[in-house]
1. Quick one, can you get me the convex hull of the C-alpha atoms of chain B expressed as volume per residue in Å³?
2. Classify the range A:110-149 from the C-alpha gyration tensor, please: rounded if a/c falls under 1.5, else prolate or oblate depending on whether a/b exceeds b/c.
3. What nm value, rounded to one decimal, do you get for the distance between A:L130 and A:K204 when each label is placed 7 Å out toward the C-beta?
4. So what is the calculated 222 nm ellipticity per residue for the protein assembly as shown, using -39500 (n - 2.57) for each DSSP H run with n of 4 or more, over all residues, to the nearest 500 deg cm²/dmol?
5. What is the distance in Å between the Cα centres of the range A:165-212 and the range A:25-79?
6. Rg (Å, one decimal) plus Dmax (Å, integer) for the alpha carbons of the range A:230-329?
7. Taking R0 as 51 Å, what's the FRET efficiency between A:S20 and A:R375 from their Cβ-Cβ distance, rounded to 0.05?
8. What Kirkwood radius, in Å to one decimal, follows from the Cα pairs of the range B:313-385?
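Bear in mind that the values in this text are calculations on the coordinates, not laboratory data. All values reported here derive from a predicted model rather than from experimental measurement. Here the Cβ positions follow ideal geometry from the backbone for every residue, glycine too, while neighbour counts run over all protein chains shown.
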Amino acid sequence: MSRKIIYYYGNYFSEVAHLSENEPLCHRVNNSRISLENSLQDLLIKNPEAQIEIYADNRELLRRFSKNEKFALFTTAGFEDWPCIHPELISLRIPVENIFGLTERVDSKGSVVTPLQDSEVEFLISKLNLMELKHVAIGLIHSNKNKSHEKIACDLLKKAGFNVQVSHVIDSKDEIERWCSLVTLIQQDLALENLKKYLQEKLKDLFARCQVLSKRENIEKNLSGVEVYLGLDGFTLSKDGQNNFPLSIQPTSEVHSSHWGFPGIKDTELGYEPGPILMGRGHKLTFLDLLLLDQTPAHLPEVQTNSKLKSRIYDQLKVFNERHKEEYRDPQKIADMLLQESFQKIRAEILFFAKDSTKIKVTGNISPHVKEFLRIENAAFAEDFDFNRVKGLGAQ
Amino acid sequence: MISTTLRIENLFNVLKKNFSFCISTQEGKVLHGNFSNAVDCGTLPAAILTAHDFFHPKAGDLVLLNDPFSGGTTLDSLTLITAIHIGSTQWLIGGRWELTKRISLTKSVDEEGLRIPPTPIGKDFTLNREILSMIEQHLLCGKAYATKVATASEQLWTLAKEFKSLYEFFELDNSSNRFAYKYFDESETRIKELIQEIPQKEVRLNGRTSEQKEKIDLCLKVERSQIVFDFLGSSEPQGHGGLTAFATMGLCLVSAVKFLRWKGGINEGLYRSIKVMTPSKCWLDVHYPSPVFWGFNCGSYFLNAQLVSAFSEWDPHKARPIPLFGPQLLRFEDSKGLVSGEVFPETPSSIEDNEANNPFLISKIAIRKNSGGKGEVDGAHGLVKEWKILEPAKLSWSLTHTEQKPQGVLNGHNGSITELTIDGDILPKVGTAHLKPGQTLSLLSAAEGGLRKPPQKEEVVDS
């Protein structure tokens, strides 16, 4: 019987679980040190009987595999610039040359004011063929009141072999919300398809034993209550398994000299290339350095604490403390204070997010180190704190 | 002390809202302000102080006002003040909401709408519906006013409760508010250090609005680590009133904070770092019964543009494009008296939202290509918006930059002017018109001037 390997491709780290009848055997891969294809190739060669299920984290998937991918957006004529005007739509970064207006109009009551002509869609199809665009998102004004025009355009495009996403299937209050979800959907489609193509090309025959599966959020929908994930990969919050919201402080948030003339935690994430000082290659101080300064966690072999690295951290803290030298001479005291204040903020964010929810579960491989700082009375800390993402996938 | 400072800052990083709010000590000193515009930065703390002086609100009490001379802005805004007790400390909380703009250029504030001085309208987290319905019956009161006040009051009380929870989560001292005063001192020290780092010089600037003829004579300097805004040569109002002193102060503070690139929150310590001087009867410090519509809607933009110019001259490395002198205001009123408004260039609402229950269909929203002034940094382009009228409606409007092009900075080119047309006929700066079904209304909004001289294109020599 063939064995199954689950490969969870995260933001910075991938988690791999070899499923067997007993406990799964897990290990972690630093995405910046070894590429996805090399890591998979190793696994496939070392385990000739194994089948690999690859789950990609949405954020990383979109970032890496849909970055330069183009798709067309069909909208109501007159509003081609709208995605470049409204702040929420600007953030989607849809190239303006790929937005096409259809002469059609439905009013706020759902009545057709200007009917859509098939010939117009057919003309645009020929244009798309010239531009070699294969994916189309259709977002027309008031399509939630009357979907007929979107359906006509969708049918014609599908018939011509295009991959199409329509906005009327999305439950939303207005076109802004609808178009944001629409574009995310099409980007996910593209990213997943590109990931498949990329792996097929790189792994060649070995790809036959791989299966690329989509978003993790779908799998988490059975969860209830608030989940606080505190892992090397990131700090996130989710309620009832829906959407992950990043906390304002992340493991690789940069520590800098703030406007108070004292070290502070910045909004920017430095990532793991070269990574925190305690991982041996980084030069910039991160939140993770402060957190693991005095610990040598056995389950995080990536982290090494020695006196040389420690003194580098202390030196930076001293430099960043421009104005409170009298009160904070000892850099360890600065690190302790910063940690305490940061966790006060994380705790407030969690409780504020949880509101009336009484069920709070804390997971992730950093979670054992924050128990004393978090002080949330009713929170349940996962006993199996490491590899819980990949093990969760394996249990499905 | 630094730990408390970080804690206060972290608290307000978590507590965010989409309306202007301000939390003050019981003495009226600003602990934190989350302001959607610079005018609120000066007026909202003043409104809290006025409400406190008149009524000493207790936890769950609610005071309503819109009177500009008590800390309100224009009469179509809504200001509510409440209080919250946390241990032995008491905090005053004010919030502000903008209602649909009413366009009125009159001789007195009382003709601009219903002026509401500080009025207690709630106790123990419950609204006094009787007073509200009496206010609503007034002829000059807007439609569905009571409902809007009720929604806003719920938002303010929720904010107060959330503030209390976070205060407790962050374990701030609830036996006294002394920590807040230390935080103000820390902020004041830090901002004054930043002031000492900037070039110590004096900038003089004269400006005049072409349409209203109001004059600004500004001398900007540093005195005893304070930024001094001396408006002593500025003119009196020229027919349509002006700004209140609170609003002028807010605009000056925000421009100074931006210039200094202050990254912290706005609190009492920052207010101590500036000094604003205006001559009596100046258009930057008008008193009852002076009208305020023009001052708050256009004068404030004009003052802001002058302040940006002055700071750009002070330190050209920190120069910014000059903001537009004012928004373009449109107000539609259908046959049933329902009103809706448009303010350019503020964040536009969704098209579908905009069309719901309105007498028009939007036929176009686009970027007004090549309208921003050329420069090293081009000015932001204006917008094009077209409405197709479906039912008879009354349109009122007030425009800026219809004659005067938005200025470029440091040799940047000027931006384009505003144009409003009905079926192609250009409309004047201010007015009202009855729109008929089938007509097309079109607005080309003004665009910013460019920043610095545009780079010269390299000449291509044909070999």
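1. On the way: hull volume 80.0 nm³, N = 463.
Here the figure is 173 Å³ per residue.
2. Working: a/c = 4.34, a/b = 1.89, b/c = 2.30.
Because a/c hits 1.5 or more and a/b fails to exceed b/c, the range A:110-149 counts as oblate.
3. Those two pseudo-labels are separated by 4.0 nm.
4. Values: 21 runs with 260 residues, N = 859.
Only helices count here, giving -9500 deg cm²/dmol.
5. What the calculation gives is 11 Å, centre to centre.
6. 14.7, 47
7. On the way: r = 38 Å, r/R0 = 0.75.
For A:S20 and A:R375, the calculated efficiency is 0.85.
8. Details: mean 1/r = 0.0666 Å⁻¹.
Averaging 1/r across every pair of different Cα atoms and inverting gives 15.0 Å.
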